[in-house]
Amino acid sequence: MNFQSSAQRSASAMSQLASVSFLASSSLAGVGDGVTPAPQGWSLSFGKRLFDFLFSALVLTMFALPMLIIWACIRLSSEGPAIYVQKRVGKGGRLFRIYKFRSMVAASAVSAGPTLTRDGDQRITAVGSLLRKFKLDELPQFYNILRGDMSLVGPRPKLTKYAGIESLCYRPGVTGAATLFFRCEEDILKEVLPERLDDFYLQRIRPLKERLDVRYMRRATFWSDMMLVGATFASCFAPMRVPTSLRNMDEFHASPQDAFRQRVGAEEGSGGICGV
């Protein structure tokens, strides 16, 4: 009975993952059409860095008071520091300290719990749940952008064991293509047994997110970044869910990664990391 339940949960996770893959590849089908993937494009330009600096300075100034209120709410509602600091992998593989508002109980930082978060994770505090829903826990990362550790748009900064290779040529971002399309990642992971979380993520989710991020970054423009930021903001109020019509598509169940590759297609004109 337990085996059957485990198999059903795994099948549900795979089905949702395949659906997200299909949705992402379909939505990005026209992004950057006619644009030759090149490492010296907008994603690595001085103009993007200048915009990041100015935009992050504006956000930190405008949201100084709300951030102070959030800091006080965290401190008053649970024990531990209001700011969570962790080492993540940045551009070129350089480690940096990322700053976030703490959304979990402080003991999580030293516990043996999973490093991945699932929907309904008991470690998330009441205030943290609200912050995560509207991505307000990410606000301190605009300080990382100001410093040059991160960018507004880019692959999400990852722990060392989850870092991909191809995405290391770009500054990690507060939001990105994979971030947007995998907004339901915690819903997918809740169907996976705790002891299988890392394996499932590394084998199934990470390759899809890596490919999606790199494909977008190689073709990104200022306007596509603005559209992605707007879509991310909108998703905070209307979270993306996997369409019901896509949840039982048998063609994806066996290998969602292969299905995604077929729709995204191989990158042309690139040879190795960063297309060099």
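Taken over segment 145-184, residues that are in a helix (DSSP H, G or I), surrounded by fewer than 23 Cβ atoms within 10 Å (Cβ to Cβ) and more than 9 Å from the chain's Cα centre (by Cα) amount to 8. Residues being at pLDDT 90 or above, out of contact with any helix residue (DSSP H, G or I) (no Cβ under 9 Å at 6 or more places or on another chain) and of a type in the set (Ser, Thr, Tyr) are represented in segment 54-61 by at least one member.
Here ASP250 clears all of (1) of a type outside the set (S, T, N, Q); (2) under 21 Å from SER43 (Cβ atoms); (3) modelled with pLDDT under 85 except the condition numbered (2). Check LEU58, LEU76, LEU65 and return the single one that is under 23 Å from ARG156 (Cα atoms) and in a helix (DSSP H, G or I). It is LEU58. Taking the criterion of being under 16 Å from THR232 (Cβ atoms), among the hydrophobic types (A, V, I, L, M, F, W, C), out of contact with any Lys or Arg (no Cβ under 7 Å at 6 or more places or on another chain) and in contact (Cβ under 8 Å) with a residue 40 or more places away in the chain, the residues of segment 167-219 that qualify are ALA177, LEU180, PHE181, LEU212, MET217. Here ARG211, ARG196 are screened, and the one residue that is among the basic types (Lys, Arg) and over 27 Å from SER129 (Cα atoms) is ARG211. Number of residues in segment 186-216 that are over 21 Å from THR160 (Cα atoms) and among the aliphatic types (A, V, I, L, M) equals 3. Number of residues in segment 137-174 that are at pLDDT 95 or above and farther than 20 Å from LYS87 by Cβ equals 2.
The number of residues in segment 209-223 being out of contact with any helix residue (DSSP H, G or I) (no Cβ under 8 Å at 6 or more places or on another chain) and either surrounded by 15 or more Cβ atoms within 10 Å (Cβ to Cβ) or not in a helix (DSSP H, G or I) (or both) comes to 1. Contact annotation: residue pairs with Cβ atoms under 6 Å, 6 or more positions apart or on different chains, pairing a residue in segment 140-160 that is touching a residue at least 40 places away in the same chain (Cβ under 8 Å) with a partner that is basic (Lys, Arg), are PRO140/LYS100; MET150/ARG171; SER151/ARG171; GLY154/ARG171; PRO157/ARG88.
The values are calculated or read from the model by the stated rules, or taken from the named source; none is laboratory data. Please read these numbers as outputs of a predicted model, since none were measured by experiment. So basically every Cβ, Gly included, is an ideal-geometry build from the backbone, and we count neighbours across all protein chains shown.
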